Structures are given as C-alpha cells and as structure tokens.
Amino acid sequence: MTIGNPMMYVGAVGLIMIGLFTVLSKRNLIKIIVGLTLLDTGVNVLLIAIGYIHNRTAPIVTRTYTDPTKMVDPIPQALVLTAIVIGLGVTALALALAIRVYGHYKTLDTRKIRGLKW
Amino acid sequence: MVATLLIALPFLGAFLIPLVALANKKASHYIPALVMLSNLGISLALLPQVMRAPIVISLSGWTAPIAINFVVGPLGLGLAILISLVGFLVSVYGVGYIHEEPKEKYHMLVLTLLTGATGMVLTGDIFNLFVFFEILSLSSYALTGYNRDRGGTEAAIKYLIQGSIGSAFILIGIALLYGTTGTLNMADIAAHVAGVDPTLLFMAMSLLIVGFGVEAAIFPLNAWLPDAHSSAPSSVSAILSGIAIETGAYAVARIVYTVFDGHGIMLVLAILGVVTLLLGEMSAFRQKDDIKRLLAYSSIGQMGLIMLAFGIASDAGVFAALFQLVSHTLAKALLFLASGYIIYRVGSKKLSALAGLGRKMPFTGAMISVAVLSLIGVPPFAGFMSKFSIVRAALAQHSASYTGLIVLVLLATVIEVGYFMKLLQIMFFTQAEGEESVKELPLSALIPITILAALIIIIGVYPHMISGLLQQAASGLVERSAYIQTVLGAQ
C-alpha cells in the first residue's frame with residue numbers, strides 16, 4: 001500500500017465520521033439522508049485516495065499520451081463511478097420514501113414516526 | 001457460457017416488463033414466473049457438469065485475476081437453484097396476490113431482486129459482489145414500501161437507512177482490501193492475504209462482516225428485519241425471508257471462509273449466532289398481535305442458527321448450515337405465502353383472528369402445520385435433518401464452548417416449540433367466534449404452497465437427494481486452496 005498524501009486519508013475518514021455522526025444523532029429524516037450521502041462521499045474519496053499516485057495524471061489514453069507509468073491507478077476510479085451511481089439511486093429512493101413518510105405522519109421527526117414498535 | 005444466462009435472463013426480463021406492459025398489461029405479469037422457470041431449468045441442467053468440476057467464466061476476454069469472473073461451483077449453483085425455485089413459486093403467487101397498481105413495477109422489482117441474489121452467489125469478484133448486493137438491497141427497500149401504507153413506508157425507510165450504512169461499511173472494507181492486496185478477485189485476494197498486515201486485514205474483515213451482517217440479520221444489526229418483513233406485502237416477505245437474508249449469510253460465509261481464512265473469528269460468529277437465535281425466539285414468543293411479525297422474529301432466530309452452524313468451522317458444520325438454510329427457506333417461504341392470503345381473507349393480522357381457521361380451510365392448515373413442524377425440527381420433515389446435523393457437527397468438535405452453545409440452541413428450540421404450538425393450537429383447537437366460512441386459498445397460491453410442503457417432506461424423508469450437493473458445496477467453501485486453484489490455476 002503506497003501511502004500518498006496523508007491529508008487525503010484524513011479528509012476521507014473525516015467525511016465518513018461526519019456522515020456517521022449525522023445519521024446517528026440527527027432526528028430529521030432529511031438530515032439523516034444528507035448524512036448518508038456524506039458517508040458515501042467519504043468512502044468515494046477514500047477509494048480515490050487509495051488509487052492515487054503522486055505526480056501522475058488521470059488514466060486517460062489519448063493519441064499523444066499513452067504511457068501507463070505516468071498515470072494513476074484507474075480501477076478505483078471505475079469503482080467510484082459505480083459507487084456514485086449506486087449512491088444516487090439510494091438517495092433518490094430515500095428522498096421518495098421521506099416524502100411518503102411525510103405524507104403519512106405530517107412530520108419528518110424520527111421521534112414521532114413510531115407506527116411500528118420493537 | 002450458459003451459466004451467464006442465469007444472471008442475464010432475469011435482468012433482461014426485468015427491463016422487458018415495462019415494454020411488454022405497453023402492449024399487453026396482463027402478459028407482462030407472467031414474465032417473472034417464466035424467467036425463473038427457465039433459470040431453474042438451466043441451473044438444474046448445469047448441475048451434473050458442475051458436480052464434476054466448477055465452471056469459471058471470465059467476462060470480456062480477459063483472464064482470471066484481471067477479468068470480472070463468475071465461479072459456478074456446487075455452492076453457488078445450489079443456492080442459484082434454491083433462489084430460482086423459490087423465485088418461481090413466489091412469482092406464480094404474486095400474479096394473483098398483488099392488487100396494488102402499478103403491478104408492472106412490482107414484478108420488475110422482484111426480478112431485479114432475484115438478479116441481485118443470483119449474481120451474489122455466482123460472482124467471484126468482491127466488487128461485483130457489492131454491486132449485486134446493492135441491486136438486491138435497493139429492490140428490497142422499494143418492495144418493502146410497495147403498498148404505500150403507513151407501516152410499509154416507515155419500515156422501508158428504516159431498512160434503507162440501516163442497509164445503506166452497511167453498504168458503506170462494505171465499500172470501506174473493499175477499499176482497504178484493494179489498497180493492501182491490489183486486486184478485487186476473491187480468489188486472488190485469498191491467495192495474497194497471508195502476507196498482509198493482520199491489523200488491516202482484521203479491520204477489512206470486520207467491516208465486511210458488519211456490512212453483510214446487516215442483510216444477514218446478525219444480532220445487533222437486525223432492528224430493521226421485524227418491521228420490514230411484517231410490513232411488506234406477503235409475497236415480498238417470503239422473498240426477503242427466504243432469499244435475501246440467506247444471500248447475506250452466504251456473503252458472510254464466503255468472506256470469512258474463502259477470502260480471509262478467518263479461523264480465529266469462528267467462535268465469535270458462533271456466539272453471535274446463538275445470541276441472535278435466543279433473542280429472535282424470545283421476541284417471537286411474546287408476539288400476540290401480528291402473525292407476520294412472529295414469523296419475522298422466527299426468521300431472525302433461524303438466521304442465528306445458520307450463523308452458529310457456519311461458526312462450527314468444519315465440513316460437517318458448513319454442511320449443516322447449508323442444510324438449515326435450505327429447510328428454513330422452504331418452510332418460511334411457505335408460511336409467509338400462506339399467511340398472506342389468510343390475512344387477506346380474515347381481514348386481520350392478529351393471532352386471535354386465526355381461531356378455528358385450521359378447520360375452516362383444512363388443506364392450508366395442513367400445509368402450515370408441515371412448515372411449522374419442519375421449523376421446530378420434528379422428524380419426518382426437512383427441519384429435523386438440518387437441526388440434527390447442526391447438533392451432531394457441534395458435538396463432533398469435542399470442545400466445551402460448542403457443547404455449551406448447543407445447550408442454548410436446544411433451549412431456544414423449546415421456546416420455538418412454545419410459540420409455534422400456540423399458533424397451531426389457535427388454528428386447530430380454538431373455537432371460532434363467528435360461524436362464517438372462510439374460502440380456501442386460490443389455486444395460484446395453493447400450488448406454490450403445496451410444492452413447498454412436498455419438498456419439505458421429500459427432503460425430510462430422503463435427505464440423500466440434496467446431501468451430496470450440499471456436502472460438495474460445504475467442502476468447496478471450507479477448502480479455500482482448491483477454490484483459489486480453480487479460479488487462478490487455469491491460466
């Protein structure tokens with residue numbers, strides 16, 4: 001594992017922690033969903049940081065630019081593209097459900113959404 | 001290459017449904033059943049070949065560690081058969097059961113869910129596993145809230161929030177693994193883990209177990225399950241309880257056994273399993289209001305039992321876990337399917353509303369009794385063989401800790417007998433309040449239920465029918481060097 005700039009890892013883990021904290025501590029459904037997207041973004045940054053190699057460019061092969069030793073690892077970027085699409089789907093579904101929850105309960109406060117019990 | 005059809009067909013079918021619905025709404029509802037039937041045929045036809053040697057398919061012309069590959073071994077194919085069988089029966093049931101429009105969406109989501117499940121058990125690439133897992137989870141979130149009622153919507157959003165946190169954990173685990181081993185192929189990772197820093201490896205494994213554990217309903221991560229399984233439409237509950245959580249358990253087992261060779265964590269897994277089992281059974285015992293919630297808690301208990309058996313960490317243990325997985329899938333799918341129409345006919349989810357129902361609908365009553373007795377573990381049914389092999393595998397370890405855990409399992413079984421016998425007693429020996437007669441289930445529900453009940457009895461009487469396949473599947477999971485060789489050695 002080639003550790004690049006440690007600040008990138010700090011940023012990624014920081015975003016993940018902020019996301020987790022938001023999901024766990026907030027009472028508003030929309031804020032919880034925002035927390036989920038923050039969590040997703042943090043994970044994506046972590047993936048990119050793992051594939052980053054210092055002083056190299058984006059892994060795009062053009063006619064004049066073909067040397068793979070001057071590029072960063074392309075696989076994490078492919079993974080992140082997939083993860084972003086999945087995250088988009090989850091967020092869209094979550095917001096749709098939040099709208100419907102609001103329709104039923106007239107509130108987004110998770111303390112008052114207690115139709116089901118343990 | 002035929003094996004790729006197992007994943008391609010359901011996906012194609014899913015996206016054909018809205019197109020077909022434009023031309024003929026009714027015809028589109030039969031697509032899931034058709035697709036799952038052909039999947040069942042394909043997987044059964046592949047079985048003899050796979051029993052001789054696993055099929056490895058590399059996509060788009062690359063070779064093993066670089067390409068995304070599918071590994072169709074006895075374990076993957078056996079689970080694929082189970083998924084397509086239950087998927088087929090539930091699709092047949094769903095044609096008549098689902099009333100809420102737009103029905104095409106329901107059928108489409110069911111097919112994408114089944115695609116995700118089939119892909120998860122067949123893939124040999126860990127990121128691919130994550131993608132199929134997400135396909136499965138997203139479809140199940142949406143299906144849970146399909147009826148748009150108060151309970152379903154609330155359960156769906158709870159399920160979604162907990163599931164997404166789990167998915168994020170899985171992705172962090174994959175990122176760590178990729179950072180340390182530089183590969184995403186599960187066999188290639190397995191070949192490399194021995195030389196990696198154990199702390200990082202442990203972190204990655206814990207993250208992956210926690211992530212998949214949310215879907216597999218392992219103890220502290222299962223708060224979503226009773227809500228989701230009891231509020232979803234009953235056909236969806238049958239899929240969630242019979243397929244979705246089982247694939248979660250498969251993923252945990254694959255990660256622990258094949259990828260990490262995590263022998264140190266097995267006892268932890270077994271203890272978590274027993275805690276899950278006891279909590280699930282005790283919560284089920286105190287359920288009085290809601291029959292589906294009772295069944296959901298019982299599912300948690302059964303998942304605990306499967307986890308315990310996986311934690312025994314021997315060929316016999318994994319064999320028992322897979323046997324338990326099969327018998328639970330059959331019995332719980334039957335119970336959810338039957339309870340769906342019963343709730344619809346009686347108009348209440350309450351247990352007390354079922355009074356005397358066994359005499360009003362004797363055939364359904366008999367089928368329910370078969371499933372319930374199988375779950376408890378009464379001899380002529382499949383559940384007896386699976387529970388018996390779990391106990392035997394645990395005692396064969398000759399270790400005080402596993403023997404102690406088995407004592408707790410037997411205690412949990414007594415609790416299980418308690419609430420299931422109460423259910424049977426209410427159904428058969430309690431006088432109904434009103435005298436109005438209740439119709440038997442319609443044919444589209446009776447056929448799947450009868451097939452499931454017949455399978456429970458046949459497997460219970462002739463366990464040899466599936467034990468050969470399960471034995472090979474178990475050794476395929478435990479012997480990781482053989483797995484690495486089949487995937488990588490072919491170059």
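Summary table below
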read-out	value
Subset of the range B:247-295 that is among the polar types (S, T, N, Q) and part of a helix (DSSP H, G or I) - its residue that is farthest from B:A482 (Cα to Cα)	B:S283
Failed criterion for A:N55 (all others in (1) more than 12 Å from chain B (Cβ to nearest Cβ); (2) surrounded by fewer than 13 Cβ atoms within 10 Å (Cβ to Cβ); (3) at negative phi hold)	(3)
So B:I68, is it surrounded by fewer than 24 Cβ atoms within 10 Å (Cβ to Cβ) and at negative phi	yes
Matching residues in the range B:177-197 - criterion: being more than 26 Å from B:G476 (Cβ to Cβ) and either in a helix (DSSP H, G or I) or hydroxyl-bearing (S, T, Y) (or both)	B:G179
Filtered residues of the range A:9-20 (kept if over 12 Å from the mean Cα position of the chain (by Cα) and within 12 Å of another protein chain (Cβ to nearest Cβ))	A:Y9
Residue check for B:S234: within 14 Å of another protein chain (Cβ to nearest Cβ), crowded, with 23+ Cβ neighbours inside 10 Å and polar (S, T, N, Q)	no
Among residues of the range A:106-118, those that are surrounded by fewer than 18 Cβ atoms within 10 Å (Cβ to Cβ) and either at the interface with chain B (Cβ under 9 Å from one of its Cβ atoms) or without any contact (Cβ under 8 Å) to a residue 60 or more places away in the chain (or both), counted	7
Residue in the range A:85-94 that is farthest from A:I50 (Cα to Cα), counting only those that are surrounded by 13 or more Cβ atoms within 10 Å (Cβ to Cβ) and more than 8 Å from every other protein chain (Cβ to nearest Cβ)	A:T91
Residues of the range B:16-41 satisfying the condition of being under 24 Å from the mean Cα position of the chain (by Cα) and surrounded by fewer than 19 Cβ atoms within 10 Å (Cβ to Cβ)	B:Y30, B:L34, B:L37, B:S38, B:G41
Looking only at the range B:177-193, and only at residues there that are of a type outside the set (G, A, S) and at the interface with another protein chain (Cβ under 8 Å from one of its Cβ atoms), the one that is surrounded by the fewest Cβ atoms within 10 Å (Cβ to Cβ)	B:T180
Qualifying positions in the range B:139-162 - surrounded by fewer than 24 Cβ atoms within 10 Å (Cβ to Cβ), in contact with a helix residue (DSSP H, G or I) (Cβ under 6 Å, 6 or more places away or on another chain), touching a residue at least 24 places away in the same chain (Cβ under 8 Å) and within 7 Å of chain A (Cβ to nearest Cβ)	B:A142, B:G151
Helices (runs of 4 or more DSSP H) (entirely within the range B:1-57) containing at least 2 residues that are polar (S, T, N, Q) and modelled with pLDDT of 90 or more	B:31-52
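So that you can scan it fast, the table gives a plain yes or no per residue for (1) out of contact with any Pro (no Cβ under 6 Å at 6 or more places or on another chain); (2) assigned to a helix (DSSP H, G or I); (3) of a type outside the set (A, V, I, L, M, F, W, C):
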site	(1), (2), (3)
A:T37	yes, yes, yes
A:P59	no, no, yes
A:I75	yes, yes, no
A:A94	yes, yes, no
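The values are calculated or read from the model by the stated rules, or taken from the named source; none is laboratory data. Here the structure is a predicted model, which is why all the values come from computation and not from measurement. Cβ: placed from backbone, ideal geometry, glycine included. Neighbour counts: every protein chain shown.
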